[in-house]
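Step one of this worksheet: look at the structure below.
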Amino acid sequence: MEVSFFVARRFLRSRRNSGFISFITFFAVVGVALGVAALIITLSILQGFERTIKENVVSFTAHMQIYGFQSQALHDPASAIRKVQERFPQVDVMAPYVSREAMIRSQDAIDGVLIKGIDPTNDISAARQRLVDGSYDLEVREDGVQTVLLGKRLAERLNVKIGDRVLVFALGGYSLTLSQARVMQFVVTGFYETGMEEYDASYVYVHIGNAQKLFQFGKSISGFDVLVKDLSSLGTLVQEIPADLGYPYYARTMFQMYRNLFSWIELQKSQIPIILGLIIIVATVNVIGTLLMMVMEKIKDIGVLQTLGASRSTVSRIFLIQGMFIGVVGTMAGNVLAFVLCWIEMEYRVISLPSGIYYMTHVPIVLSWFNFALVSASALVLCYFCSFLPSRLAGHQDPVALLRFAQ
């Protein structure tokens, strides 16, 4: 075993007259561990926020929506789908929909909603993906009472259960005059929940044929929900598809429709890690103080080693190894602490959030090996540089002066 490692291990394991040094070493390790854990947990939460919000937004608006300029109805949707699929291979799914405002009434309450008619055979909406109760049943029935899917929040406000009937009042046609008010009866077959209260309390899903009948659209539609194979192609597709289809086709991406939301996410991702990264810097700088105290406490030992022939580089490596020991142990402990706390939140959802503010019901977390590796590497590099100065100071001392000072 190399001399530097042997002596460093003896220094670390020594207990004689070193109670204070052991105490501050312990808290140096704890400081590094807490800094590493705090930054990993923060990055995991921010990544979870971004993924959850994107998934929720996509479930309601897809990657891109194509609709009529100034809410005009789109005729011959089959032809538009065929053209897009032939000319734009980047498009993965193109689902037609009919969407208009309406009033929904149960036996106990009445509320304003947004009716969205979808095709069950080509559905990418939250109605299928986030179903939490009942069954996904939007097929057209022959008995006149059609099926509907409600958000869980809306169902609570209306006080309805699976199998209850509701009335939907709509203004039919394109002119939206009161004289064209229509009403249809629906039976509730399922509830969905995304955690975004704004949508769970307002979106109502029905079969696209029933929506066309309710709003007197005939065979026309309101627009298309579009999923693409690569999000980087959205900027090009949002301009080229409407230009190719011609007036009145118009398109917007989810980033354009929710610009403020995604700007907020980017702001958090850029600022919070920097601020919390200072925790690691403060913790690793404490390593300097810890090693300096170790040097002062081991002055006599350093003088003896140099008198026996230990080189300056050997003495420097002894304290550099001690500093890296603090960094490695602290980083490992921080990784374990971060993983355990993240796992507990993912499994048991200890921390709840008001969905009306945060667009979700609990703290979302994404465990990524990249976050662990990035934070760990940064902490170890900082610990190395913080250990360099005290170790260099220990190795460049006059052994005679050290022995005289230690007497």
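On the stretch given as region 67-123, residues that are of a type in the set (S, T, N, Q) and over 31 Å from the mean Cα position of the chain (by Cα) total 7. Just one of (1) farther than 18 Å from residue 239 by Cα; (2) in a loop (DSSP other than H, G, I, E, B); (3) not charged (D, E, K, R) trips up residue 96, so point out which. Every listed condition holds for residue 96 apart from (2). Among the residues of region 164-176, those that are buried (at least 17 other Cβ atoms within 10 Å of the Cβ) and at pLDDT 60 or above comprise 166, 168, 170, 171. Restricted to region 177-214, and to residues there that are at pLDDT 85 or above and farther than 20 Å from residue 106 by Cα, the residue that is surrounded by the fewest Cβ atoms within 10 Å (Cβ to Cβ) is 209. Going by what's in this entry, would residue 233 be described as touching a residue at least 40 places away in the same chain (Cβ under 8 Å) and of a type in the set (Gly, Ala, Ser)? Answer is yes for this residue. Residues in region 93-115 that are among the charged types (D, E, K, R) and over 19 Å from residue 249 (Cβ atoms): 101, 105, 108, 111.
Residue count for region 126-136 satisfying the condition of being out of contact with any helix residue (DSSP H, G or I) (no Cβ under 6 Å at 6 or more places or on another chain), under 10 Å from residue 205 (Cβ atoms) and surrounded by 18 or more Cβ atoms within 10 Å (Cβ to Cβ): 1.
Against the test of being modelled with pLDDT of 75 or more and in a loop (DSSP other than H, G, I, E, B), the options 336, 350, 329 yield a single qualifying residue, 350.
In this structure, residue 247 does not qualify as of a type outside the set (S, T, N, Q) and more than 19 Å from residue 87 (Cα to Cα). Residue check: residue 264 meets all listed conditions (1) surrounded by fewer than 18 Cβ atoms within 10 Å (Cβ to Cβ); (2) touching a strand residue (DSSP E or B) at 6+ places or on another chain (Cβ under 9 Å) but one, namely (2).
Residue pairs whose Cβ atoms lie under 9 Å apart, separated by 6 or more positions or on different chains, with the first residue in region 33-45 and under 23 Å from residue 324 (Cα atoms) and the second crowded, with 22+ Cβ neighbours inside 10 Å and acidic (Asp, Glu), do not occur. Checked against the criterion of being assigned to a helix (DSSP H, G or I), of a type in the set (Ser, Thr, Tyr) and at pLDDT 90 or above, region 71-82 has at least one qualifying residue. Filtering 111, 143 for residues that are in the same structural domain as residue 216 (by TED's automatic domain parsing), without any contact (Cβ under 8 Å) to a residue 12 or more places away in the chain, charged (D, E, K, R) and surrounded by fewer than 19 Cβ atoms within 10 Å (Cβ to Cβ) leaves a single hit, 143.
Yes/no per residue for (1) surrounded by 22 or more Cβ atoms within 10 Å (Cβ to Cβ); (2) among the aliphatic types (A, V, I, L, M):
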site: 104; (1), (2): yes, yes
site: 116; (1), (2): yes, no
site: 122; (1), (2): no, no
site: 138; (1), (2): yes, yes
site: 150; (1), (2): yes, yes
site: 159; (1), (2): no, no
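For residues that are under 15 Å from the mean Cα position of the chain (by Cα) and aliphatic (A, V, I, L, M), scanning just region 352-387, find the one that is farthest from residue 193 (Cα to Cα). Filtering first and then ranking leaves 367. In the set (1) modelled with pLDDT of 90 or more; (2) under 22 Å from residue 203 (Cα atoms); (3) in contact with a Pro (Cβ under 9 Å, 6 or more places away or on another chain), the condition left unmet by residue 63 is number (3). The one condition from (1) closer than 30 Å to residue 386 by Cβ; (2) crowded, with 21+ Cβ neighbours inside 10 Å; (3) modelled with pLDDT under 90 that residue 53 does not meet is (1).
Residues of region 243-260 that are in contact with a helix residue (DSSP H, G or I) (Cβ under 9 Å, 6 or more places away or on another chain) and more than 16 Å from residue 96 (Cβ to Cβ): 244, 247, 252, 253, 254, 255, 256, 257, 258.
The values are calculated or read from the model by the stated rules, or taken from the named source; none is laboratory data. Nothing here was measured: the structure is a model prediction, and the numbers come from that model. Don't worry about glycine lacking a Cβ; one is built from the backbone with ideal geometry, like all the others, and counts go over all protein chains shown.
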